[in-house]
1. Kindly indicate which of SER601, SER635, SER607 is surrounded by 17 or more Cβ atoms within 10 Å (Cβ to Cβ) and either over 21 Å from CYS411 (Cα atoms) or among the acidic types (Asp, Glu) (or both).
2. Specify which of the listed residues (LEU654, LEU631, LEU645) is part of a helix (DSSP H, G or I) and closer than 18 Å to VAL383 by Cβ.
3. Taking the condition charged (D, E, K, R), within 29 Å of PRO389 (Cα to Cα) and buried (at least 21 other Cβ atoms within 10 Å of the Cβ), does GLU595 pass?
4. Of everything in the range 115-145, what is in contact (Cβ under 8 Å) with a residue 24 or more places away in the chain and of a type in the set (Lys, Arg)? Give them in sequence order.
5. Return the pairs, sorted by first residue and then second, in which the second residue is acidic (Asp, Glu), the first residue lies in the range 632-654 and is closer than 15 Å to ILE406 by Cβ, the beta carbons are less than 7 Å apart, and the residues are 6+ apart or on different chains.
6. So which of ILE115, ILE135, ILE126, ILE142 is open to solvent by less than 10 Å² (accessible area, probe 1.4 Å) and either in a loop (DSSP other than H, G, I, E, B) or modelled with pLDDT under 85 (or both)?
7. State whether one or more residues within the range 668-688 are in a helix (DSSP H, G or I), modelled with pLDDT under 80, open to solvent by 40 Å² or more (accessible area, probe 1.4 Å) and β-branched (Val, Ile, Thr).
8. For the range 304-330, name all the residues that are modelled with pLDDT under 85 and farther than 21 Å from ASN381 by Cα.
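The values are calculated or read from the model by the stated rules, or taken from the named source; none is laboratory data. In this text the structure is predicted, and so the values were computed from the model without any measurement. Note that we place each Cβ from the backbone using ideal geometry, even for glycine, and neighbour counts take in every protein chain shown. Please note that ligands, DNA and RNA were not included when accessible areas were found on the heavy atoms of the full protein model with its side chains. Shrake-Rupley method; radii C 1.70, N 1.55, O 1.52, S 1.80 Å.
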Amino acid sequence: MTAKDYVNAYCPSEVLRTMPFMIEFGLWRGWHQTLIYTPEIEKDCNWAVSRLIKCFSVNGIATAKEPTIKPTFVSKLAIIILMPGKKQNVSLELANVIKKLQEFQMDRLSTDWLITARSFLDYKYINSILNSTSIRFDQTIIVSYPHGIDKTGANVCSENFRYNKKYEAEKRFDKIPYKRRFYSECQNSKSEFERSYYKSTLRFKNLIRDKSYNRDSSPMPLNKSGLKFNFSRNFDMINISQFSLKRHFQEWKEINNYRTNVTGNVLVTQYFKVRLNSTLYVSFLGSWNPENSMSYVEVPYPVEARNFLGENLIVGRCNTSGDGTQSLDDDRQSATALLDDLLYFLAVRLNSTTVSRHFNKLGFRNYEGTWSGLLGALLENSVDMALEPVTARSGRQQDMDFVFPIAETMCNIYIRHQETSTVRDIFLAPFSARLLACVLAVAFIASLAVVTISRVTPQCVSTRRIGYIEALVWSTGILCQQGGSWTPQSPAASIILIVCLFFAVITYNAYAAFITSVLSVRVASVDTVAAVLQSPTIKIGYIRNGADQMYLMSTKDTQLNAFYIRGYSDSENLVSSAAEGLARAASQDYAFFAEQRAARSTLRSLSQARGRCAIRELPVYTTRASLAFPLPQYSPYARLTLVSLLQLRSGGILARLEAALVPEMPQCTLPAGFASARAIDVRSALILLACGLVTAAFMGVAEYSWKNRQQQIKLLHKWYKRFLNFFFSSNN
């Protein structure tokens, strides 16, 4: 008995016939790794499985047989399941293998699952198993079935191995001279057998390169590639209850003019489910045989080309009021009409029936780690996606996935514009106590000098001597740039006047320059989080038990943590809504921390009287994040949703959605940004004026009383006598 007869006698031909197809299909699809599962396969087929693994390795595909742990490297991974015959309980074995792979999370990867059936009855069993099994939307499941009689026998990658050691040149090796023979041994340390062993054939290389190979000296084109999908091709999936493999194979042969005398056919079908437990769909991909290779096999439908075939796409949304306005939440949603258009586009693009489920709140994670609202339903997989642009923060990215960033947003601090400088008394601010004492001393010294010169200098008949009070008034007028009524009568007096005028000019110019700088230099504003924290007068607050508080509490930024602690230490600084926080920020020294979208939308609804234009935005760049649509982790619809949104972007609707989701700050007349003098800034001048008026009034009354003191005394005696007479008469 030959080796070929021995193989066919103990290992079923149905197993051997599909192995060449597996190798060519794997090279055609660009596999890098393969996991092979052989549940209850015949022991006499172990050599064939080993040969299959060896052939995969020769052609650059790493292979593992029935691994017990999850693979760590999963680039272009494929799973092959060699099913046993129907007599060995194929249903139970396939279900166990699928359960094991799902525990490894191998159904979440972009992998090819290739399942081989031995007979048509096994093929029907596999259909029933897959129909009752949870299959993800993004899985690629291929089932192969050997059809017809193969007269050529088993041929498992025989072209990759040469076991014949006889080499014609070796027969003449002894006739070569010794020196040349020694040189030949050095040059040809490996025989022809050793050099050609474990080599990929040109046919397999052409499968990888999508070229053609020669068959009987004629080119055999491989006109389809296993990775290049033609997206103009119709998505043709049939309900498994309406699918007949034999009938579709006959129709396919007529359409493709397939030769009926070709032997060794392997029929290829692809399976698909929209939801885990929904209807099973199947598509006939074509037929493989050793002569035509992959030329008559269609590329499996990739995830990007699939649709929902009219089944439900469950979308979660937030409630709106009767007038169409959005309910307030931490991530306030706007542009409801644009999101309705987007939902309509997804329904048409995915060929789905959209089912909307509304929630009162977007939701957030509480202290126990449980998500509420729409995000909670998303994590429970009760909705497929949330049609609400949500800020993709780190805390949320740990529990859910985000697809297609639409816009960028951040959290900001909102404080009012600073109108004045920190100098609260611009008229006394230039003077220190020592400088003010020096100026007053100069005034008194100048007064004494004037009086002394007036007394010492000889006087004419028409002139009079100046007094101390008049000299003090004159020196004060000179220092205040107001002049005086005294005219110098001597050179010494003129020098005193000139010196006082020069002193007044210097003092006045320095004084005016300081006040001008205070009123004209731009105010040094609070423009960082550190500056807000260092300010002792600014109160800090945020929305109580809101998403902003949760973010401040969980962030790793030390400054924001300090911001949270300072605001939480005084509960009066916490507010219940964004409108309340912005109103407080506009009316007092209050720093309000809020998400950009909610704060700007609230500012647009405020009136100018409530401080809409009095608030400025202090950006916190460390909180920048993207707005995107949230999906459950490892969602099977992530790639299809991303492709749909990328197609939608070319229409410009996403640009309008971005502008609506992140509104601009209200456009107001910008403040000059310079300090302006107010009543409180000139209080020293007002106090001086009031004190002068009171003193003048007091002095006037005192002077009047002194000059009329005799009459005042007589009047007091008269009133005193009247009082005594009235008092004694009333007693009697």
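1. Result of the check over SER601, SER635, SER607: SER635.
2. None of the other options fit; the residue is LEU645.
3. Taking the combined requirement at face value, the residue satisfies it.
4. Across the range 115-145, the qualifying residues are ARG118, ARG136.
5. ILE653/ASP341
6. The unique qualifying residue is ILE135.
7. To start, the set of residues in the range 668-688 that are in a helix (DSSP H, G or I) comprises 679-688.
Okay, now just the ones that are also modelled with pLDDT under 80, so 679-688.
Restricting the remaining residues to those that are open to solvent by 40 Å² or more (accessible area, probe 1.4 Å) gives 679-680, 683, 685-688.
Filter once more, keeping what is β-branched (Val, Ile, Thr): 680, 687.
So far as the range 668-688 goes, yes, one or more of its residues are in a helix (DSSP H, G or I), modelled with pLDDT under 80, open to solvent by 40 Å² or more (accessible area, probe 1.4 Å) and β-branched (Val, Ile, Thr).
8. Of all residues in the range 304-330, those modelled with pLDDT under 85 come to 319-330.
Once the filter is applied, which keeps residues that are modelled with pLDDT under 85 and farther than 21 Å from ASN381 by Cα, the range 304-330 yields THR320, SER321, GLY322, ASP323, GLY324, THR325, GLN326, SER327, LEU328, ASP329, ASP330.
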